[in-house]
Amino acid sequence: MINFNFSITNPWSDRFENVWCRSYATPFKHKFIELELTKCSTIISFKFNWTSRRDHSGLSAEIGLLGHCFDFNFYDSRHWDDENKCWEVHAP
């Protein structure tokens, strides 16, 4: 896992409002994209997270500026099986 996070927020604000949110299937099996725009108490922020071999692993990035945040997620919809070290398989 790689995680990088930097943010400066307004400590006197608790504002949070979801402005826009969409999710999309991709041509890759089990892979999805989510995009989200929110109003928040952020003055400036940057977040980056990359995970593998765990539930819903993938890439997540967020940029925030002056009370608005844009979030991007590219993830796998499957769950990780720690015992067998592979993706869980569900019988139909």
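The numbers here are math on the coordinates, done by the rules we state, and not lab data. The model shown is predicted, which means the values in this text are computed figures rather than measured ones. In this analysis, Cβ positions are derived from the backbone assuming ideal geometry, glycine residues included, and neighbour counts consider all displayed protein chains.
Quick notes
- Relative contact order computed over region 1-77 (Cα-Cα under 8 Å; 6+ residues apart), in percent: 33
- Sequence-distant aspartates and glutamates (8 or more away, or on other chains) whose Cα lies within less than 13 Å of Lys29: Asp76
- Alpha-carbon Rg with Dmax, taken over the chain, Å: 16.0, 51
- Pairs of Cα atoms in region 16-68 fall into 10 Å distance bins, from 0 up to the last occupied one, in shares of 21, 44, 29, 6 percent.
- Assuming charge only on the beta carbon of Lys and Arg (+1) and of Asp and Glu (-1), the dipole of the chain about its Cα centre is about 240 debye to the nearest 20.
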